[in-house]
Every structure is written in structure tokens, then in C-alpha cells.
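What follows is one structure encoded as C-alpha cells, with my remarks underneath.
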Amino acid sequence: MKADDNSHYLIYRVLGISNEEGILIDEYQNTGRFLYKYAGSFLEEAASMCLFFANSKGGKVLVKNTQGTKPKTFEIDFLNGNDAVEIKWRDATTDGDHITKEHTRVKVIQSYGYKPIRVMFYYPQREQAIKIQETLKTIYSGVGGEYYSGDDAWAYLLKVSGYNLKQILTEIAERRDREDNNDK
């Protein structure tokens, strides 16, 4: 980042933000983007592993888009028998294209004879993102699918896989907290 072009700091300065503060803003923004991406990937992979350990015949599957040309394929995060499970750690997307893509995705999965199931562990906080999730919940319900979020998502994973991933992660986090406190 030290070699980055920082000419945009001009705008920061116009807004009353010093170069030092601008550096911190950029560092925290990049750190946040990195952490957000990999925290989500970590949780989604951990949930997939729980499903895999419960059903080693299941797994990721690509299906061709039978409803349009974009995207060409949709990925099912975990095909568990006839259940096409989409795993999300959280989804805060708020644009109309996202709704259209998700609606198409559900229809495509249904066209293959699979039951679309959405499992999202953390519900978004912003009003518009919440409305989109409510729309998606209606779409899933409308095609005979299932939609789980928050505590219901954790409970679904436990019911289907037999693994209490939330408890496992809580124990790991608490152990790390104890280790960090012992290091001080």
C-alpha cells in the first residue's frame, strides 16, 4: 500500500481529513475488505465440511443456466440428496441485479428437480438489504424451497449434519480469548 497512488488524498484533505488519517482509513478499509471476504469463505467452507462429513456423497455441483445466458452456470454449494443448499455467511447486497440473479438461480435449481435451500448465518442490518432478504425468503417459499437465517440457519445445519458448528466455533473463539488474555 505504501507504493499506491494516493492522489485521492486531495479529496480527503478537502473534506478535512489529514494525510495521516487518510492512510489509516485506507489501511482499515483494505483490512476490513480482506477480513470480510475470508471470514465468509471460512464459515461457508466449515458449514460445507459439516455437511460433507454427514454425507460424503454430497458436494459442490455446477448447473447450466436454463433460464438465460448470464451467468452461464450456477454453483450449488452442497447438493445433499435432492436438497440444493446455498450457504451464505451473510448477504448484505442491495442491488436489483442481485434479486434478479437469485430469482433466476432458484428457478434454475428447481428446473433440475432439486429443492433450493438457502442457509444464511448472519442476517443483514441495513433496511434495504433486509427487504431483499424478505423477498428472497418469499421466492424460496414460492417454489417449495426453504430459507434459514440466523439461529434457524445454525439449527438447520445441526439437524442435517449432526454438527453444532456454532458451538464448535464458540469454543474455539473462547479458547483463543483465554490464550490472548494469558499472553498479556
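The values are calculated or read from the model by the stated rules, or taken from the named source; none is laboratory data. Only a predicted model underlies this, so the values are computations on that prediction, with no experimental measurement involved. Neighbour counts are summed over all protein chains in view; Cβ atoms, including those assigned to glycine, are modelled from backbone coordinates with ideal geometry.
Return a yes/no flag: does segment 102-114 have any residue that is surrounded by fewer than 16 Cβ atoms within 10 Å (Cβ to Cβ) and free of Cβ contacts under 8 Å to residues at least 12 places away in the same chain. The answer is no; no qualifying residue exists.
Collect the residues in segment 5-35 that are surrounded by 10 or more Cβ atoms within 10 Å (Cβ to Cβ) and of a type in the set (Asp, Glu), keeping them in residue-number order. Scanning segment 5-35 gives Glu21, Asp26, Glu27.
Let's see how each residue does on (1) surrounded by fewer than 17 Cβ atoms within 10 Å (Cβ to Cβ); (2) of a type in the set (Val, Ile, Thr):
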position	(1), (2)
Lys137	no, no
Ser141	yes, no
Gly144	yes, no
Tyr147	no, no
Tyr156	no, no
Val160	no, yes
Asn164	yes, no
Glu179	yes, no
Asp183	yes, no
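As for segment 139-146, it holds at least one residue that is touching a His at 6+ places or on another chain (Cβ under 7 Å), part of a helix (DSSP H, G or I) and closer than 26 Å to Cys50 by Cβ.
Residues in segment 94-131 that are β-branched (Val, Ile, Thr) and in contact with a Gly (Cβ under 9 Å, 6 or more places away or on another chain): Thr104, Val106, Val108, Ile109, Ile117.
Every condition in (1) in a helix (DSSP H, G or I); (2) touching a Phe, Trp or Tyr at 6+ places or on another chain (Cβ under 9 Å) holds for Ile17 except the one numbered (1).
I need a count of the residues in segment 121-131 that are surrounded by fewer than 22 Cβ atoms within 10 Å (Cβ to Cβ) and either within 25 Å of Asp83 (Cβ to Cβ) or in contact with a helix residue (DSSP H, G or I) (Cβ under 6 Å, 6 or more places away or on another chain) (or both). Matching residues across segment 121-131 total 3. When segment 105-138 is filtered for residues that are assigned to a helix (DSSP H, G or I), within 21 Å of Glu44 (Cβ to Cβ), at pLDDT 90 or above and of a type outside the set (Lys, Arg), the ones remaining, listed by number, are Val106, Val108, Ile109. Scanning segment 141-184 for residues that are under 26 Å from Gln110 (Cα atoms), among the polar types (S, T, N, Q) and either in contact (Cβ under 8 Å) with a residue 24 or more places away in the chain or touching a helix residue (DSSP H, G or I) at 6+ places or on another chain (Cβ under 7 Å) (or both) returns Ser149, Ser161. One residue stands out in segment 42-87 among those that are small (Gly, Ala, Ser) and touching a residue at least 40 places away in the same chain (Cβ under 8 Å): the one that is farthest from Arg118 (Cα to Cα), namely Ala54.
Quick check on Ser48: is it at negative phi, among the polar types (S, T, N, Q), assigned to a loop (DSSP other than H, G, I, E, B) and out of contact with any helix residue (DSSP H, G or I) (no Cβ under 6 Å at 6 or more places or on another chain)? Considered against the rule, which asks whether it is at negative phi, among the polar types (S, T, N, Q), assigned to a loop (DSSP other than H, G, I, E, B) and out of contact with any helix residue (DSSP H, G or I) (no Cβ under 6 Å at 6 or more places or on another chain), Ser48 comes out as no.
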